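Participant: This is the structure I want to talk about, given as C-alpha cells.
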Amino acid sequence: MKRRNIVSLATAASTLTFNTSSANHLGTTTNTQMAAFTSVPARTSKYFAKSAIHKQYFVKSSAATGRQRRSDTIIPTAVNLKSTPGKDEPIDAHDTHPNKRDCDTTTTVTTPSDDTIKEKLTQSFDAQYDASIQIHTLVLGTHPSITSLAKSQYFGFPTNAFWWIVGDCLGFRRDSGLGKSGKPYAFSSYLLYGPEMVLPYEQQVDVFTAHGFALWDLLGSCSRKGSLDVDIKEETPNAIREFCRAHPTIRRIVMANGAKQCTFFNRYFGDWWLSGELKPGEDHQLSQRAFQKWGKKLSFEDASIEVFCMPGVSPAAASISYEMKREAFREFCFDPGLLDYNRLNGCDEDIMKR
C-alpha cells in the first residue's frame, strides 16, 4: 500500500461541530439517499462531525496537506484459490450466511468441503494506524479470512459488517450494497449513507486511522481449514501488549469477532491481565462474561485499558442484527473513541459536552 496525505488535524479540530439530536439507534428507519455534507444522520456517532479529514474524500477541489497515515506494507499471503467454487469471489467458511437477514437473499452460498480446503500456515497483516495521531482505541480482528487474504484487506468479505459499521459511524459508505445478482443486501436499508458516499478501501482505512483508531489482528500466524475461529491451530499472537506500551494513550481494546476471539486473548495475555493494567469493558455484559475469570482475582482499580468483546462482525454471527452490532460498536467503541480523539486534539470541553 502506498501512503496518502491526510488533511491537517489542526484544521479538522478547528472545524468540528456536533450533532445534538438523539434517536433510537435500533430503529428501523430506511436509508436516506444523502448528498455529501448534508447534516450528519442521527444514528451516526454524535461525537463525529464532517471535518476537513472527511471532506477531503468527497470535495474534488480540496487539497491534502501534511499528514500521513502509517501504511505498513501488507503482503498478500498465498491463498489456494482452487479451493473456491466456480468463478465467484472466494467464499469463507467463517462468512457463510445462516440467516438471510445479512446476505444477498438471491445468492446461494456454498461452503467448500473439508476435502477442498487445505490447512496452511498464514500470516496476519501489519497494524494500520496514523503515526502522527495519538491512538486511543485499538480494534482487533482474530486473523485474516480466506477472502481477506486474497484481497489483502482487513474484514474483506462483502457482507462482513465491520466496514459498513465504521462508515455509518464516521460518515461514509463501504460499497454499493448490491450483491452479484444486482439486488441489495438485506441490511442495506439500515445504512446511513447513500451510494454517493462510497469510498475506496484504502481511503476508508485513512478516515478510520485519522480519527485515532488503530487496526490489527490478535493472532500473527495460525493454521486452519477455512476461516472459522474455532478451527484455528498452531496460533502465535501478535505483540499486542508491546504495541500498547508504544502507544500509551490507548484507552480501550475492542475485540471485533466475539467470544471465541476473547478466549485467545485470555490464553496469551494472562500476565497482562494479572499486571492490573487491563479491565473488562464496564457496563457491557458480553465483555464482563468474556473476561469474568479475571474478575475473581483482580479489583481493576488501577487499570488503564478497557477490553471489550463485541458481537462478531462476521455474517456467520447472524443471530445478531446489523443494527444491534452497529449500536454496540457505536456505544462502546466509536462514541468514547471520538470523545478521546477530541480531547487529545484539544477540542473545547464545552463543545464536547453538547
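The values are calculated or read from the model by the stated rules, or taken from the named source; none is laboratory data. It should be emphasised that the depicted structure is a prediction, and the values quoted were computed from it without experimental measurement. Positions of Cβ are generated from backbone atoms using ideal geometry, with glycine treated the same way; all protein chains shown enter the neighbour counts. Only protein heavy atoms, including side chains, enter the accessible area calculation; ligands, DNA and RNA are left aside. Shrake-Rupley method; radii C 1.70, N 1.55, O 1.52, S 1.80 Å.
Participant: Which numbered condition in (1) more than 16 Å from the chain's Cα centre (by Cα); (2) crowded, with 22+ Cβ neighbours inside 10 Å; (3) not aromatic (Phe, Trp, Tyr) is the only one that Ser181 fails?
Facilitator: (2)
Participant: If a residue must be touching a residue at least 24 places away in the same chain (Cβ under 8 Å), touching a helix residue (DSSP H, G or I) at 6+ places or on another chain (Cβ under 8 Å) and either open to solvent by 10 Å² or more (accessible area, probe 1.4 Å) or of a type in the set (S, T, N, Q) (or both), how many such residues does region 159-177 contain?
Facilitator: Counting residues in region 159-177 that are touching a residue at least 24 places away in the same chain (Cβ under 8 Å), touching a helix residue (DSSP H, G or I) at 6+ places or on another chain (Cβ under 8 Å) and either open to solvent by 10 Å² or more (accessible area, probe 1.4 Å) or of a type in the set (S, T, N, Q) (or both) gives 3.
Participant: Continuing with this model, one more query. Part of a strand (DSSP E or B) and buried (at least 20 other Cβ atoms within 10 Å of the Cβ): does that describe Trp273?
Facilitator: No; evaluated as a whole, the condition is false for this residue.
Participant: For Ala256, state whether it is under 22 Å from Tyr47 (Cβ atoms) and touching a Phe, Trp or Tyr at 6+ places or on another chain (Cβ under 8 Å).
Facilitator: Values: under 22 Å from Tyr47 (Cβ atoms): yes; touching a Phe, Trp or Tyr at 6+ places or on another chain (Cβ under 8 Å): yes.
For Ala256, the condition - under 22 Å from Tyr47 (Cβ atoms) and touching a Phe, Trp or Tyr at 6+ places or on another chain (Cβ under 8 Å) - is met.
Participant: Checking Gln288 against (1) polar (S, T, N, Q); (2) more than 17 Å from Phe125 (Cα to Cα); (3) open to solvent by less than 30 Å² (accessible area, probe 1.4 Å), which single condition isn't satisfied?
Facilitator: Among (1) polar (S, T, N, Q); (2) more than 17 Å from Phe125 (Cα to Cα); (3) open to solvent by less than 30 Å² (accessible area, probe 1.4 Å), the lone unmet condition for Gln288 is (3).
Participant: State all residues of region 142-156 that are at pLDDT 95 or above and surrounded by 23 or more Cβ atoms within 10 Å (Cβ to Cβ); if no residue qualifies, say none.
Facilitator: Residues satisfying the conditions are Tyr154, Phe155.
Participant: Can you find a residue that is part of a strand (DSSP E or B) and modelled with pLDDT of 95 or more anywhere in region 283-297?
Facilitator: No, that holds for no residue.
Participant: So how many residues does region 308-332 have that are farther than 12 Å from Asn257 by Cβ, part of a loop (DSSP other than H, G, I, E, B) and open to solvent by 10 Å² or more (accessible area, probe 1.4 Å)?
Facilitator: Selection size over region 308-332: 3.
Participant: Among the candidates Pro315, Pro311, Pro280, which residue alone is at pLDDT below 95 and in contact with a helix residue (DSSP H, G or I) (Cβ under 7 Å, 6 or more places away or on another chain)?
Facilitator: Every option except Pro315 fails the conditions.
Participant: Name the residue that is farthest from Leu278 (Cα to Cα), counting only residues in region 205-240 that are in contact with a helix residue (DSSP H, G or I) (Cβ under 6 Å, 6 or more places away or on another chain) and not hydrophobic (A, V, I, L, M, F, W, C).
Facilitator: Taking the candidates together, the pick is Lys225.
Participant: For region 256-265, which residues satisfy the criterion of being open to solvent by 20 Å² or more (accessible area, probe 1.4 Å) and without any contact (Cβ under 8 Å) to a residue 60 or more places away in the chain?
Facilitator: If the condition is that a residue be open to solvent by 20 Å² or more (accessible area, probe 1.4 Å) and without any contact (Cβ under 8 Å) to a residue 60 or more places away in the chain, then Ala259, Thr263 are the ones that fit.
Participant: Take region 334-353 and flag every residue that is open to solvent by less than 60 Å² (accessible area, probe 1.4 Å), at pLDDT 85 or above and in a helix (DSSP H, G or I).
Facilitator: Of everything in region 334-353, those that are open to solvent by less than 60 Å² (accessible area, probe 1.4 Å), at pLDDT 85 or above and in a helix (DSSP H, G or I) turn out to be Phe334, Asp335, Pro336, Gly337, Leu338, Leu339, Asp340, Tyr341, Asn342, Leu344.
Participant: Right, another one. Take the conditions in contact (Cβ under 8 Å) with a residue 12 or more places away in the chain, open to solvent by 10 Å² or more (accessible area, probe 1.4 Å), more than 15 Å from Cys309 (Cα to Cα) and assigned to a helix (DSSP H, G or I) and apply them to Phe208. Does it pass?
Facilitator: no
Participant: Those residues that are open to solvent by 40 Å² or more (accessible area, probe 1.4 Å) and either assigned to a helix (DSSP H, G or I) or under 12 Å from Leu121 (Cβ atoms) (or both), I need them from region 226-255; list them, please.
Facilitator: Val230, Asp231, Lys233, Glu234, Thr236, Arg241, Glu242, Arg245, Ala246, listed by residue number.
Participant: Please specify each residue of region 243-260 satisfying the condition of being out of contact with any His (no Cβ under 8 Å at 6 or more places or on another chain) and farther than 13 Å from Ala317 by Cβ.
Facilitator: Phe243, Cys244, Arg245, Ala246, His247, Pro248, Ile253, Val254
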